């Protein structure tokens, strides 16, 4: 097992470029299953979750190869409709193959998903949506079996209880070949959803309303392979912006659309940082104290749950008290116990966290409890006095491409150690 060792106190400065979005690339890989032939995805991040999804696709019969940041997926012939447990248990995004498999093969068997332990994240909405299209859903032996009736799926109007990203994605991919018009109400609006819709459009799908809460899919007769560039990772960008803010900066983050991070930029300014925004870059610096602010996570375009932990690390050093309200995942505060080992003053009450700012943090041995919590502990360590050892960094490797290398290029004293 490896750890990340951080010697705090260095002021990060310079430029860093983000990789392709994890939460987009994984779903685009799944969507590639629907088009017989070779599809190419560019700007694909080098992260553990992409490797796991590659193994899922290969277990289904696709051939996956990588050349630098370009991934080629040959889905000419699929040999299985079953996503194996050993892969799905590692990564929740594996459920994204449900829609593509029933579209391509008429049946999908997927193990109950794993991933970060940040909440129940049930897939009820996925399955109810598929049932609304006419799919038959059965449970047994830890797996979900979804089949298409002999007469095929039918168009429907589906209203989601919550703007679930995963449910929206599965419904999009399940309905693109269904004759007629399917309408998804209360659809997720995330940039990664728009990226998927653009990719499906390049494959020949007819989808309108991406980025709004009402998405309309008009079924087409077939899909073909496509060549597509993954959008920049807004959460990775936000993480490096907080790294700049917590140490002082200036740090410039490039390779993403700042509109995707608009509310995060607004909150950084409210917390005492100076922010400059360009076409595909943002620069952050802070010379005064961190100011206490309140945050509540919401579906896009609200404050992203995937940035909550990084902000908690920064607000632990603020002048005053901050309240963070987590409205998306009920277990997202687990990493706070580790942050408190470094001297933070955090009190959890249900889905609220009261963060009382302290003058300084101290290096300590801590462990990653999940992907974003692990990254947040590294950010806290950058601003802490002394050395911090962050364990269980396999969580961080799931979503950050060359994390230590990029931080070191900004001047951080950070290394990986077995």
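Points worth noting:
- Among the residues making up region 260-279, those that are free of Cβ contacts under 8 Å to residues at least 12 places away in the same chain and in a helix (DSSP H, G or I) are 266, 269.
- Restricting attention to region 261-276, the residues that are in contact with a strand residue (DSSP E or B) (Cβ under 8 Å, 6 or more places away or on another chain) and either at pLDDT below 95 or within 25 Å of residue 188 (Cβ to Cβ) (or both) add up to 6.
- Any hit, region 266-279, residues being more than 29 Å from residue 10 (Cα to Cα), in contact with a helix residue (DSSP H, G or I) (Cβ under 9 Å, 6 or more places away or on another chain) and crowded, with 20+ Cβ neighbours inside 10 Å: no
- Test: residue in region 219-237 that is under 26 Å from residue 128 (Cβ atoms), touching a strand residue (DSSP E or B) at 6+ places or on another chain (Cβ under 7 Å) and surrounded by 18 or more Cβ atoms within 10 Å (Cβ to Cβ): no
- Only a single item in (1) outside any loop (DSSP other than H, G, I, E, B); (2) under 22 Å from residue 253 (Cβ atoms); (3) without any contact (Cβ under 8 Å) to a residue 24 or more places away in the chain is not met by residue 282, and it is number (3).
- Note on region 285-305: residues that are surrounded by fewer than 21 Cβ atoms within 10 Å (Cβ to Cβ), free of Cβ contacts under 8 Å to residues at least 40 places away in the same chain and assigned to a strand (DSSP E or B) amount to 3.
- Hits in region 57-75 (condition: in a loop (DSSP other than H, G, I, E, B) and closer than 16 Å to residue 87 by Cβ): 60, 61, 62
- Within region 306-327, the set of residues being outside any strand (DSSP E or B) and without any contact (Cβ under 8 Å) to a residue 60 or more places away in the chain comprises 315, 318, 320, 326, 327.
- When restricted to residues that are in contact with a strand residue (DSSP E or B) (Cβ under 9 Å, 6 or more places away or on another chain), farther than 19 Å from residue 73 by Cα, modelled with pLDDT under 85 and not in a strand (DSSP E or B), region 91-112 contains 1.
- Just one of the listed residues (71, 78) is over 30 Å from residue 305 (Cα atoms) and either touching a strand residue (DSSP E or B) at 6+ places or on another chain (Cβ under 7 Å) or modelled with pLDDT of 80 or more (or both), and it is 78.
- Matching entry among 119, 142 (being at pLDDT below 90, touching a helix residue (DSSP H, G or I) at 6+ places or on another chain (Cβ under 9 Å) and surrounded by fewer than 16 Cβ atoms within 10 Å (Cβ to Cβ)): 142
- The strands (runs of 3 or more DSSP E) located wholly in region 159-218 that include 2 or more residues which are under 23 Å from the mean Cα position of the chain (by Cα) and over 24 Å from residue 261 (Cβ atoms) occupy 181-185.
Per-residue answers, yes or no, for (1) modelled with pLDDT under 95; (2) touching a strand residue (DSSP E or B) at 6+ places or on another chain (Cβ under 9 Å); (3) within 20 Å of residue 165 (Cβ to Cβ); (4) surrounded by fewer than 16 Cβ atoms within 10 Å (Cβ to Cβ):
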residue	(1), (2), (3), (4)
307	no, yes, yes, no
319	no, yes, no, yes
336	no, yes, no, no
339	no, yes, no, no
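- Selection count, region 79-92, where residues are touching a helix residue (DSSP H, G or I) at 6+ places or on another chain (Cβ under 7 Å) and closer than 25 Å to residue 46 by Cα: 6
The values are calculated or read from the model by the stated rules, or taken from the named source; none is laboratory data. Just so it is clear, the structure is predicted and the values come from calculations on it, not from any experiment. As a convention, Cβ positions derive from the backbone with ideal geometry for all residues, glycine included, and neighbour counts pool all protein chains shown.
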